[in-house]
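Just so it is clear, none of the values below were taken in a lab; they were calculated from the coordinates. Owing to the predicted nature of the structure, the values given are computational and were not obtained by experimental measurement. Positions of Cβ are backbone-derived with ideal geometry, glycine not excepted, and every protein chain shown enters the neighbour counts.
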Amino acid sequence: MDKTTVLGAYLDQNGVNFSIFSANADRVELVLLDEEHSLERTIDVNGRTGDVWHVYVPGIQAGQRYAYRVHGPWAPDEGHRFNSAKLLLDPYARAISRMPVWDDSLFGHDRNRDDRALNPVDSSSYAPIGVVTDPGISERSKTEPDTPWTDTVIYETHIKGLSIQNPDVPPSLRGTYLGAASDAVLTHLKHLGVTTIELLPVYAAVQDERLVKNGLSQYWGYNPLSYFAPDPRFSAGGPASAIEEFRVYGQSTGSCRTTGYGY
């Protein structure tokens with residue numbers, strides 16, 4: 001593996017290589033957390049090749065929760081807003097165990113003052129957390145149908161809406177990736193003659209603060225948080241299971257071509 005070009009957290013038989021991009025950071029720390037999102041340890045990311053910071057940590061396994069703290073200048077007028085009090089999600093994380101919980105501490109600046117005023121409050125209790133995944137889980141299926149365009153029937157759908165009201169899908173799976181992969185849903189699509197499924201956003205998306213405060217949610221998912229992590233809202237087994245369940249969905253639709261906005 002080329003540690004200078006492969007970004008994200010990549011697992012092998014001995015540990016994990018963590019890599020993240022920053023052109024202007026002074027220091028980068030890898031933060032490892034347990035399943036309750038409590039601190040396990042902090043590791044200096046001491047490798048740097050160009051603008052890629054990287055560190056190999058032996059003994060790490062799939063399921064490890066992690067995030068970053070990045071040190072650098074706080075100079076808003078120059079475009080720099082480094083704030084090491086903020087726990088940062090790896091933008092290349094392929095699973096998220098905790099979505100952000102709206103709190104003023106998430107913001108690098110003080111929301112009650114000028115937006116150039118640094119906010120020193122630690123965000124670790126509210127920040128999103130990434131998960132190390134098994135590389136086998138994220139492999140793309142090599143099987144794709146060879147359907148001529150003249151015979152192609154595209155079905156655009158929302159992953160939740162596809163099964164949420166289907167009485168033939170087990171209640172615990174309705175509105176999930178596994179619900180969309182159920183025999184009841186696939187039989188329905190085949191009966192319609194569908195050859196291609198086009199999904200509305202399935203990447204992890206943030207719920208708008210205004211909506212959350214009013215007890216509402218954003219259904220469609222057009223506020224992306226992480227383009228490489230499936231939205232944990234649609235996981236039947238919990239947030240950390242989302243990528244595996246999404247892969248199950250992809251394999252189950254082998255007779256159809258599946259595409260998705262941003263995924």
Applying 1/(1 + (r/R0)^6) with R0 = 25 Å to the Cβ-Cβ distance of Glu40 and Gln13, what FRET efficiency is obtained, to the nearest 0.05?
0.70
Inter-label distance, nm, simple model (7 Å from Cα along the C-beta direction), Arg27/Arg210:
4.0
Which of Asp12, Asp168, Asp151 ends up with the largest GNM mean-square fluctuation for the chain, with Cα atoms connected below 10 Å?
Asp151
How far, in nm, would the chain grow between Asp77 and Thr49 when pulled straight, counting 0.36 nm per residue and subtracting the alpha carbon separation?
7.3 nm
Give the aspartates and glutamates reachable from Lys190 as a straight Cα distance under 17 Å; neighbours fewer than 8 places away on the same chain don't count.
Glu144, Asp146, Asp151, Glu156, Asp168, Glu198
Looking only at Gln61, Gln165, Gln251, which one moves most when the chain is put into a Gaussian network model with springs between Cα atoms under 10 Å?
Gln165
I need the phi-derived Karplus couplings for segment 216-231: 6.51 cos²θ - 1.76 cosθ + 1.60, θ = phi - 60°, integer Hz, Gly and Pro marked x.
10, 9, 9, 6, 7, x, 8, 9, x, 9, 8, 6, 9, 10, x, 5
If each of Gln251 and Asp115 carries a label point 7 Å out from its Cα toward its Cβ, how far apart are those two points in nm?
4.6
What ranking do 124-131, 27-34 get when scored by the average of other Cβ atoms within 10 Å per residue, highest first?
124-131, 27-34
Taking a cut-off of 13 Å between Cα atoms, list the aspartates and glutamates near Lys213, but don't count ones fewer than 8 places away on the same chain.
Asp103
Per-residue ellipticity at 222 nm attributable to helices in the chain (runs of n ≥ 4 DSSP H, -39500 (n - 2.57) apiece, nearest 500 deg cm²/dmol) works out to -3000 deg cm²/dmol
Ratio of the Cα radius of gyration of segment 136-242 to 2.2 N^0.38 Å, where N counts its residues:
1.18
Degrees, to the nearest 10: 183-192 long Cα axis against longest axis of the chain
60
Amide H to amide H, which residues 5 or more places from Ser124 or on other chains are under 5 Å from it, using H placed in the peptide plane?
Leu87
Please identify, among Val70, Val212, Val57, the residue showing maximal mean-square fluctuation in a Gaussian network model of the chain using a 10 angstrom Cα cutoff.
Val212
